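Quick note: the coordinates plus some simple rules give every number you see, no bench work behind them. Keep in mind that this is a model prediction, so the values were computed, not measured. We place every Cβ from the backbone using ideal geometry, glycine too, and count neighbours over all the protein chains shown.
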Amino acid sequence: MVAAIELPARKVASVTFAGPSCDALYLTTALADGDRDREGDGAGALFRATGLPASGRAEFRSRIAVA
C-alpha cells in the first residue's frame, strides 16, 4: 500500500489517475438505495486527491487500422 485516503463513504466504486501529469486521483463512491445515513454523507460523490506519493501513467494508444 502506498497511501490511505479517508472518505466519508462506505463504498468506493471506481478510481483513476488523471491530469496532465497523471498525478490527481479521482474516486467515485457508491450510494445504495439512496440511504446516506447508512452509506455515509459522501456516498454517490466524486472526490479528487492530490499530493499523493504515487501517480498514474498515460494510456497506451495503439495504431490498429480498421479496413
Subject >> Residues of region 1-17 with amide N under 18 Å of the 7 Å Cα→Cβ point at Arg38 >> reply: 9-13
Original post:
For the chain, what is the per residue volume of the convex hull drawn over the alpha-carbon atoms, in cubic angstrom?
Top reply: 131 Å³
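Highest mean first, how do 45-51, 58-64 rank when packing is the count of other Cβ atoms within 10 Å averaged over residues?
Sorting 45-51, 58-64 by mean packing, highest first, produces 45-51, 58-64.
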Original post:
Once the other residues with Cβ under 13 Å from the Cβ of Ala30 are scored (Lys, Arg +1; Asp, Glu -1), what is the net sum?
Top reply: +1
Subject >> Shape call, region 1-40: gyration tensor on alpha carbons, a/c limit 1.5 >> reply: prolate
Original post:
Of Val12, Ala54, Thr28, which is farthest on the positive side of the dipole of the chain, counting Cα position, with +1 on Lys and Arg Cβ, -1 on Asp and Glu Cβ, and the Cα centre as origin?
Top reply: Ala54
